[in-house]
Structures are given as C-alpha cells and as structure tokens.
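The values are calculated or read from the model by the stated rules, or taken from the named source; none is laboratory data. Because the structure is predicted, anything quoted here is derived from the model rather than measured. Here Cβ is always computed from backbone atoms with ideal geometry, including for glycine, and neighbour counts include all displayed protein chains.
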Amino acid sequence: MKRLFIGLVLAAASLSGCSTSSNKVTVCASEIPHAEILNECVKPLMEAKGYKLEVTVLDWTMQNDAVRNNEYDANYFEHMPYLNTYEHVSDLKMTAKVHYEPLGIYKGGASTNTIEICNDTSNALRAFDLLKANGYLTTESYRNGDELSFTGSTYTENGYTVTLISEELLVASMQDYGLACLPCNTAMTGNVTAAPLKTESDPELVTSKANGLVCNKAKYESDTSYKEKIDILTDILLSKEVSDWVKTKYNQKITCDSSSQIDLR
C-alpha cells in the first residue's frame with residue numbers, strides 16, 4: 001500500500017511537470033527593447049493566459065541558430081531583411097512584425113545650425129534623408145546611390161553643417177550641437193529621456209524593418225501544442241496593450257502601432 005501511494009505521488013508529480021513544461025514558452029531576445037517588452041509587458045499577459053514566459057538575453061548572432069536547434073521556442077530581435085540573410089532561413093518562420101526602431105532628430109544643447117549624425121554609411125544616409133524630409137536640407141547631393149557623395153566628416157547645405165561622428169560619442173556630444181540624429185538604440189542605451197522632435201515615418205521603411213517574433217517553422221507546422229503557445233504569444237505582441245505600453249515606456253522613441261504590428265501567419 002505504501003509503495004502504491006509513493007507511486008501515485010511520483011506519477012502526479014510527473015504529470016504536473018509535463019503540464020508546466022507544455023505551458024512554458026522560452027524566448028531569446030536582445031536586451032533593449034526586446035527583452036524589456038517581453039519581461040515587463042508580455043509576461044503578465046501570458047500568465048493570464050496560463051503560460052509561463054521565460055526570457056533569456058542572448059547575443060544576436062546566436063539567436064537564429066538557437067531557435068533552429070530547438071534551444072528556445074522563439075526569438076525576438078530582428079527584422080525580415082536580416083532574417084532573409086540567415087543561411088537556414090527556410091527553417092524559421094516570422095509569425096508577426098511588432099515594433100520599429102526609428103532614427104530620430106533630437107534637440108541638442110547649442111544654439112547653432114549644427115547637426116551631429118552617426119558616421120556609418122547606413123545610419124548616415126538615414127539621417128540625411130530624415131533631415132531632408134523635415135526641411136533642414138533641400139537636396140540629395142549628400143547621396144550617390146547607396147553611398148555618401150562626399151569625403152571627410154562634415155557636410156554643409158542650406159545653412160546647416162552636418163558632422164559625422166562615431167555612434168558611441170553621439171549622446172555625450174549632444175550639448176555641442178544644435179540637433180542630433182540618434183538611432184533608436186543609441187538614444188535608449190544613452191538614457192536620452194527627451195522625446196525626439198521628428199522620427200522616421202516612411203511607411204515602407206516601418207513595414208520592411210519592423211522587428212518581429214521568429215519561431216521554428218517545422219515545429220510550428222507539425223506540433224499543435226507548440227503552435228498554440230506561439231500563436232498566443234504572437235497575439236499578445238500584436239495587441240493594443242503592448243502598443244500602448246511601448247509608447248509610454250519609450251516616450252515615442254519606438255513605433256509600435258498598426259503600421260508595425262503585422263500578423264504574418
């Protein structure tokens with residue numbers, strides 16, 4: 001009788017463990033803002049649905065392999081253009097685009113027509129395009145296709161002098177310029193609390209480069225339990241609760257609304 005009782009207890013514990021495991025969702029993510037969104041906003045919403053969300057901050061270069069190899073249920077760090085460069089992209093599935101991290105124009109500390117921007121070509125061109133879109137520049141003479149048309153670290157047009165500097169120096173140098181064009185992550189990691197004066201709003205850019213949730217494609221198509229929890233997580237990431245939370249948390253630095261929250265299932 002005693003052995004039967006112990007056996008029943010162990011069996012119950014085993015079943016309990018299985019239930020907990022099936023209701024657990026593991027996600028690897030970049031720290032800011034992805035892991036913050038998951039831990040601070042999504043986790044309690046998942047708990048209300050009966051699921052336990054476990055989030056691990058992981059180097060972005062490892063996250064696609066980690067999901068492909070079933071080390072995590074999903075990842076949250078990338079946009080579709082980057083996912084499409086992954087060697088085994090056919091093994092993964094993005095279920096939803098969630099948020100876009102725009103480059104913004106911030107007020108600096110100087111009363112001059114000077115602007116600082118990031119010196120890598122991709123962010124520099126984005127900054128120049130944003131400045132032109134908002135009337136600070138009037139031509140695209142800074143651009144030669146997908147390259148900068150000039151050499152050196154300064155560019156002058158329409159009464160403004162634009163200086164290209166290293167990304168890690170942008171926040172510390174804001175007081176020396178009238179305006180600063182900061183990538184979203186630069187502003188957040190640099191603890192810039194002010195809202196940007198203007199941000200990128202090109203619908204095509206927002207749609208194409210919104211960061212999304214990526215899962216294991218084969219498992220999503222064959223494992224109903226896995227698909228169910230990925231779908232619940234996806235639904236929450238597409239919700240107004242997440243959109244409102246992101247807008248408040250990051251003071252409009254991040255775009256998270258109907259233009260970026262896109263269901264891909």
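Restricting the first member to the stretch 33-55 and to residues that are at positive phi, and the second to residues that are hydrophobic (A, V, I, L, M, F, W, C) and surrounded by fewer than 19 Cβ atoms within 10 Å (Cβ to Cβ), no beta-carbon pair is closer than 7 Å while six or more apart or on different chains. When V192 is tested against (1) closer than 23 Å to A35 by Cβ; (2) assigned to a strand (DSSP E or B), only condition (2) is not met.
Look at (1) farther than 22 Å from E204 by Cα; (2) charged (D, E, K, R); (3) in contact (Cβ under 8 Å) with a residue 12 or more places away in the chain; (4) surrounded by fewer than 23 Cβ atoms within 10 Å (Cβ to Cβ) and you find that E87 fails only one, number (3). When only residues in the stretch 195-211 that are crowded, with 16+ Cβ neighbours inside 10 Å and not in a loop (DSSP other than H, G, I, E, B) count, which is modelled with the lowest pLDDT? Filtering first and then ranking leaves L205. Pairs linking a residue in the stretch 159-170 that is outside the structural domain of L182 (by TED's automatic domain parsing) to a residue that is part of a loop (DSSP other than H, G, I, E, B) and crowded, with 17+ Cβ neighbours inside 10 Å, with Cβ atoms under 8 Å and 6 or more positions apart or on different chains, do not occur. Whenever a residue of the stretch 242-265 is free of Cβ contacts under 8 Å to residues at least 60 places away in the same chain, its partners that are small (G, A, S) and part of a helix (DSSP H, G or I), lying with C-beta atoms within less than 7 angstrom and at least six residues away or across chains, give the pairs D257/S243. Among the helices (runs of 4 or more DSSP H) confined to the stretch 23-98, the ones with at least 2 residues that are in contact with a helix residue (DSSP H, G or I) (Cβ under 7 Å, 6 or more places away or on another chain), assigned by TED's automatic domain parsing to the domain that holds S243 and closer than 20 Å to S239 by Cβ are located at 43-48. Looking at the stretch 185-200, is at least one residue closer than 30 Å to D91 by Cα, in contact (Cβ under 8 Å) with a residue 24 or more places away in the chain and of a type in the set (S, T, Y)? No. For the stretch 250-265, taking the residues that are of a type in the set (D, E, K, R) and at pLDDT 95 or above, the one that is nearest to L205 (Cα to Cα) is identified as D257.
Residues checked against (1) surrounded by 14 or more Cβ atoms within 10 Å (Cβ to Cβ); (2) at negative phi; (3) not in a helix (DSSP H, G or I):
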| position | (1), (2), (3) |
| --- | --- |
| Y226 | yes, yes, no |
| D231 | yes, yes, no |
| T234 | yes, yes, no |
| V242 | yes, yes, no |
| K247 | yes, yes, no |
| N251 | yes, no, yes |
| S258 | no, yes, yes |
| R265 | no, yes, yes |
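What residue, among those in the stretch 165-182 that are surrounded by fewer than 22 Cβ atoms within 10 Å (Cβ to Cβ) and either under 27 Å from D235 (Cα atoms) or touching a helix residue (DSSP H, G or I) at 6+ places or on another chain (Cβ under 8 Å) (or both), is modelled with the lowest pLDDT? Taking the candidates together, the pick is E167.
I'd like the residue in the stretch 126-154 that is within 19 Å of G104 (Cα to Cα) and among the aromatic types (F, W, Y) and, out of all such residues, is surrounded by the fewest Cβ atoms within 10 Å (Cβ to Cβ). The qualifying residue surrounded by the fewest Cβ atoms within 10 Å (Cβ to Cβ) is Y142.
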